[in-house]
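Laboratory data are not the source of any read-out in this text; all were calculated from the coordinates shown. Everything numeric here is computed off the predicted structure, so don't read it as measured data. Neighbour counts run over all protein chains shown; Cβ positions are idealised from the backbone, glycine included.
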Amino acid sequence: MKAGQSYIFRAVGAVLFFLINVFAIYLLLRGHNLPGGGFIGGLGSALSLIMLSLAFGVERTQGILRTDPVRVAGAGLLLALLTSLLPLLAGDPFLRHYHVVLPVLGKIEVGTPLLFDVGVFLVVVGVTAKLIFVLARPNADLTALAPEEWRNYAAPLEEPIEKTARSESPAPEDDVP
């Protein structure tokens, strides 16, 4: 996705990115007793990344994220797996919930379901962000994978099948007849 040319869209996009992520965290935190949770919160956060990619471009959005989305998804999967297996170490059934009541601003129950939902949230954001970036980069005249991603995701003998407009465009001196 090429960066938007509208200054208004960029300004509104930056504000909406923040607001959508606040709402996504709200959905994540309320998901134990009401509709919501890690999955829908993660989709909301991924939606904000799509909007940011439209406003500022894919390369800049990848720079804002500062890490490979696959690592975010891997960390979420590890967190969800650990909170699922933790009860087995105590001799309890798989996915047993533990709760702690914190006396902060009244009585707040915090437990392993919240950690599991945070793991799901991170998996959804990571996988969706990677899909967004891989599918959007060719629209911005880039290869699907950034040059630094080739060694992580491509076979050693593999070459990109897409030709970018940047590599196919003639040099300025070639245009002169």
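What to note about this one:
- The residues of segment 65-96 that are of a type in the set (V, I, T) and surrounded by fewer than 12 Cβ atoms within 10 Å (Cβ to Cβ) amount to a single one, T67.
- The residues of segment 60-75 that are within 11 Å of the chain's Cα centre (by Cα) and in contact (Cβ under 8 Å) with a residue 24 or more places away in the chain, listed by number, are T61, Q62, L65, D68, P69, V70, R71, V72, A73.
- Residue list for segment 88-142, filter: in a strand (DSSP E or B) and not acidic (D, E): H99, V100, V101, L102, I108, V110, G111
- Checked against the criterion of being farther than 23 Å from G44 by Cα, crowded, with 16+ Cβ neighbours inside 10 Å and without any contact (Cβ under 8 Å) to a residue 60 or more places away in the chain, segment 113-127 contains not a single residue that satisfies it.
- L19 passes every criterion in (1) without any contact (Cβ under 8 Å) to a residue 12 or more places away in the chain; (2) under 15 Å from the mean Cα position of the chain (by Cα) apart from (2).
- Within segment 21-39, the residues that satisfy the criterion of being surrounded by fewer than 18 Cβ atoms within 10 Å (Cβ to Cβ), in a helix (DSSP H, G or I) and of a type in the set (A, V, I, L, M, F, W, C) are V22, F23, I25, L29, F39.
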